[in-house]
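These notes concern the structure reproduced below.
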Amino acid sequence: MVAVAHIMNATLVIPQLDRRSFWQDSSIFSDIFDELHFITTLQGDVRIVRELPKELELVPRARKHFTSWSSMGYYKEMMQLWNDHQVIHVAKSDSRLANNDLPLDIQRLRCRALYHALHFSPPIESLGKKLVDRLRMRSGKYIALHLRYEKDMLAFTGCTSGLTDAESEELRIMRENTKHWKVKDINSTEQRIGGFCPLTPKEVGIFLQAIGYPPSTLIYVASGEIYGGDARLSELMSFFPNLVFKEKLATKEELNAFAKHASQSAALDYIVSLESDVFVPSYSGNMARAVEGHRRFLGHRKTITPDRKGLVRLFDELESGQLRETSSFSDLVQQMHKNRQGAPRKRKGPSPGIKGKARFRTEESFYENPYPDCICSSKA
């Protein structure tokens, strides 16, 4: 939206955050981000104000859902809205700008907003750095595992593999009762085979072992409450007992300020994930993509993105006895992930054979990989 405001020559009002999600978080922008730093860093690119000026509060406004993955030309056309309105209320502002084929200055502005202007608020920055230091003191190196095995994600994706009938029904009811989730009827088996499900804690354990990490590896688990609790986490701990959560790294007093504020808690996980020696997301959600892109920007730090579709096939062969959990299985997993570890590569374009606007949905997100627009190529 910083880039959109720049294109439309508009003043940007500090955004209001979504409070309708599963987490019901009442945090405002300044609770999570350093608002003053955000405004001053971008003052040469776009005018940003904390709130709508009082004289404009009651004027008729245009409420607009901008089309996803839109180009510069689209927003130039949208400038006609200024003929009739002084205020444009943009609903659902994520993914409203194209990933590719934008002028270089716009792409670099997006990176300036993401990686220079957006700093977490001082309390979050301070505790986040303490958590990183405490991890380093324990082991020197650590993996950050973004374990997206929470109730909302499983309900949204319709993934029920390994769950009890009662748990599956609970997730179905949650999906049915969440109005803004459009898809209600989901075939869990098809989702899993297609690679659209988060890896289970057990699958993550098998995967990391196959990649070559020893049981002594220190793993920081970045997540909300794991669905199924300790019973499901024990499946991962049987492979890697050295699991650490922020609740174990920080004191109760330190975490009190972030209690019942899932976004602020996630910001702590973001910092620890960003600074880790290796980052492994179990699912390619918004946070995982943002962390991967940020790590690329900071020097292509090692990020192992599981090939979920390929892994499901191997897991099933392992389960049926066609494969044994020996070196042959490990060799297959390692070969499959040889080029999925964060090395420099250009952002992927649309999948071949798909036409119309649907092709934009298949492009790799700019936030997942800002290379080469924002990252200088190395001669090395």
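The values are calculated or read from the model by the stated rules, or taken from the named source; none is laboratory data. Bear in mind that the values here come from a model prediction, so they are computed numbers and not experimental data. We place every Cβ from the backbone using ideal geometry, glycine too, and count neighbours over all the protein chains shown. What goes into the accessible areas is simple: the full protein's heavy atoms, side chains included, and nothing from ligands, DNA or RNA. Shrake-Rupley method; radii C 1.70, N 1.55, O 1.52, S 1.80 Å.
Brief remarks on what is shown
- Considering residues of region 49-82 that are in a loop (DSSP other than H, G, I, E, B) and among the acidic types (Asp, Glu) only, the residue nearest to residue 34 (Cα to Cα): 51
- First in region 42-58 and open to solvent by 40 Å² or more (accessible area, probe 1.4 Å), second anywhere and β-branched (Val, Ile, Thr) and part of a loop (DSSP other than H, G, I, E, B), Cβ under 6 Å, 6 or more apart: 47/11; 50/14
- Close contacts from region 287-308, counting a first residue that is closer than 19 Å to residue 141 by Cβ and without any contact (Cβ under 8 Å) to a residue 24 or more places away in the chain and a second that is among the aromatic types (Phe, Trp, Tyr) and in a helix (DSSP H, G or I), with Cβ to Cβ under 6 Å and a gap of 6+ residues or different chains, come to none at all.
- Filter result for the condition that a residue is open to solvent by 70 Å² or more (accessible area, probe 1.4 Å) and either outside the structural domain of residue 142 (by the TED database) or within 26 Å of residue 110 (Cβ to Cβ) (or both), over 345, 361: 361
- In region 152-167, the qualifying residues are those that are outside any loop (DSSP other than H, G, I, E, B) and open to solvent by 30 Å² or more (accessible area, probe 1.4 Å), and the one that is nearest to residue 25 (Cα to Cα) is 156.
- Residue count for region 62-81, restricted to those that are of a type in the set (Phe, Trp, Tyr) and either closer than 14 Å to residue 12 by Cβ or exposed (fewer than 14 other Cβ atoms within 10 Å of the Cβ) (or both): 2.
- Each residue in region 172-184 was checked for being assigned to a loop (DSSP other than H, G, I, E, B) and modelled with pLDDT of 95 or more, and 0 pass.
- Selection status of residue 27, more than 24 Å from residue 370 (Cα to Cα), polar (S, T, N, Q) and in contact (Cβ under 8 Å) with a residue 60 or more places away in the chain: yes
- Residue that is most open to solvent (accessible area, probe 1.4 Å), among those in region 102-121 that are part of a helix (DSSP H, G or I) and over 19 Å from residue 286 (Cβ atoms): 108
- Selection status of residue 85, assigned to a loop (DSSP other than H, G, I, E, B), under 30 Å from residue 11 (Cα atoms), touching a strand residue (DSSP E or B) at 6+ places or on another chain (Cβ under 8 Å) and not assigned by the TED database to the domain that holds residue 348: yes
- The residue of region 1-23 that is most open to solvent (accessible area, probe 1.4 Å), among those that are touching a residue at least 60 places away in the same chain (Cβ under 8 Å) and under 30 Å from residue 226 (Cα atoms), is 20.
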